[in-house]
Amino acid sequence: MHALNKNRPLRRVVLTTVATVSGAVLLLALKPHGTPAAALGAPTSTSSAGTGASGGAPAAAGTRTVTGDRVDTRWGPVRVRVTLAGGRLTDVTAVDSPQENPRDRAISRYALPQLRREALAAQSASIDAVSGASYTSAGYRASLQSALDSAQR
């Protein structure tokens, strides 16, 4: 006999529900792919908004360094500085991170490199949180987004 015969309507309902839920979960798990340059607002001029390592001299043409807003989290402040070159995110540095106690420092040492890698790969602030560092991750994303927004102006 066929598994979905008319003598077993409950089995058909269960299988249909499972298939629908599985499909919805798969669709929600997809991440959208966008153009990084459009999301970051690629600069059209070669002027520099940041300073280079030579003590206040302008950075290379088309390179901008912007510091995001300080975001106060439950465990301490988070602030990032981004470097953009040619409309691409080339570096992200954590200027402030939770450092109140040894546990905060350990979480920051663990989470910040992962968040940096995610941001550079995504070329945006649309990054996943690091497990065990959800407050730091949320602050990092918010500060990163404010830096990217400032860079667009």
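The values are calculated or read from the model by the stated rules, or taken from the named source; none is laboratory data. The model shown is predicted, which means the values in this text are computed figures rather than measured ones. Positions of Cβ are generated from backbone atoms using ideal geometry, with glycine treated the same way; all protein chains shown enter the neighbour counts. Heavy atoms of the whole protein, side chains included, go into the accessibility calculation; ligands, DNA and RNA do not. Shrake-Rupley method; radii C 1.70, N 1.55, O 1.52, S 1.80 Å.
Once the principal axes of the Cα atoms of region 95-153 are found, what is the range along each, listed largest first in whole angstroms?
Taking the Cα atoms of region 95-153, the three principal extents are 38, 19, 14 Å.
For region 76-133, which whole-number percentage of the solvent-accessible area (1.4 Å probe, protein heavy atoms only) is attributable to carbon and sulfur atoms?
On the way: 1360 of 2930 Å².
Of the solvent-accessible surface of region 76-133, carbon and sulfur hold 46 percent.
What number comes out for accessible area per residue over region 107-146 if the probe is 1.4 Å? Units Å², please. Spell out each step's value before the answer.
Numbers: 1850 Å² over 40 residues.
Value for region 107-146: 46 Å² per residue.
Place the peptides 11-20, 63-72 in order of packing, highest mean first, counting for every residue the other Cβ atoms within 10 Å and averaging per peptide.
Working: 11-20: 10.9, 63-72: 18.7.
In decreasing order of mean packing, 11-20, 63-72 become 63-72, 11-20.
Val13 to Ser126: extension gain in nm, 0.36 nm per residue of separation minus the Cα-Cα distance? Working shown, then result.
Numbers: separation 113, 0.36 × 113 = 40.68 nm, distance 3.74 nm.
Net length gain for the segment: 36.9 nm.
Which cross-chain or sequence-distant (5 or more) residues have an amide H under 5 Å from the amide H of Thr73, H modelled 1.01 Å from N in plane?
It is Val78, by chain and number.
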